[in-house]
Amino acid sequence: MTQSTSHGKILHLTLTPMQLAEAVQPVGASNTANALALSGSVSTEGMTSNQLLVYPGEPSEMVVQLKNLGTRILDVSLQLEGNFPSQWCRIGMEGHEIAPGQQMDAVLYFQIPTNFFENNQSLESGETLVVDYHSRLYVYYTELGGTGGIATPGRQLIESAAFNLYVRPRSLYLDFLPSLYREVDFIGRFLKIFEETFEPAVQSMDLLWAYLDPLTAPTTMLPFLAHWVAWPMDPRWSLNRQRYLIRQAVELYRWRGTRRGLRLYLHLYTDLPLDEHLPEEADKHISIEEIFGKGFLLGETRLGEDSMLGGGRPYHFIVRLRPERPGQVDEGLVRHIIDQEKPAFCTYDLDIAEVIGSG
């Protein structure tokens, strides 16, 4: 294999980063990248030193422009080398052949893991976190030609170019600085330390409503919210049920001792619909029927149907539940709810319908 020289250059290579670093990068990083170019056999003519900025979790691209300056078709292939993990980059090409005088574009796609700064193995071994990387792109190409209609390969050549890869976190505080200070890379990285410290507290204040809503609050906040509304935490309830009950505690207190309050409580526990649109009580999934009697009045009552001898049970009501799936209703918990919500002088009957098709 022969290498390209500075005379009779055939392939023109240009690198164009799609995301430029706003701040001035350390000189040492560029020198490290250029050190890869120090090879006596590989030409460095036309080599450009580029800078590509990459944010963790966000895609970034380096466009590679290849132009055939010769008079024969070129068959090209790309190879990327650097001190970063190979899985960070993939190469996209439109093809492998470039006609004389034509240009072909290839793309280097970079994708850094989202948790790059939080889950970096170099920190576990006591080493310094590396955020500046160097790389070199090698373009291997061969001249294709033919005599008498037979294709014959020509010279095999190499063109290369170096560039630096800078991994930086997104920073909000840089937007508040004059452009003069944003041009210094150290200032941005230094401010990021304070941003990581204060920003969680700022975000907590912006989302304070979510901490005070039982449906979205962290689990550790639920006992505080329950104590705030004087609602007892019962381990028999699931976590989701506890959230709904704490959220509706004030409404349950307001209607305690009434049919509406009991129906709402049973609805929050069983997930059975309230059926407020149904006028007939017997048609509802949670039916609460109050028993009213006029006593024994001659001419207005019928013995055995709406009156009885020996007295009845005043302030009595019947709760009928129609579950939609097996295991939806725990009779013990339902009785606990009714005993807790009903007036002390009331009596009741509980009827839980069997689920059809449950076996």
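Bear in mind these aren't lab numbers, they're just calculated from the coordinates by the rules spelled out. These numbers come from a predicted model, not from an experiment. Cβ atoms come from the backbone with ideal geometry, glycine included; neighbour counts cover every protein chain shown.
Here are the numbers for this structure:
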{"read-out": "Order by protection proxy (mean Cβ within 10 Å, highest first), peptides 57-67, 318-328", "value": "57-67, 318-328"}
{"read-out": "Taking N as its residue count, the alpha carbon Rg of the stretch 222-295 over 2.2 N^0.38 Å", "value": "1.30"}
{"read-out": "Area projected by the alpha carbon convex hull of the stretch 169-295, averaged over all directions, nm²", "value": "13.5"}
{"read-out": "The stretch 243-280: GluC sites (Glu not before Pro) falling in loop per DSSP and having at most 15 other Cβ within 10 Å", "value": "E276, E280"}
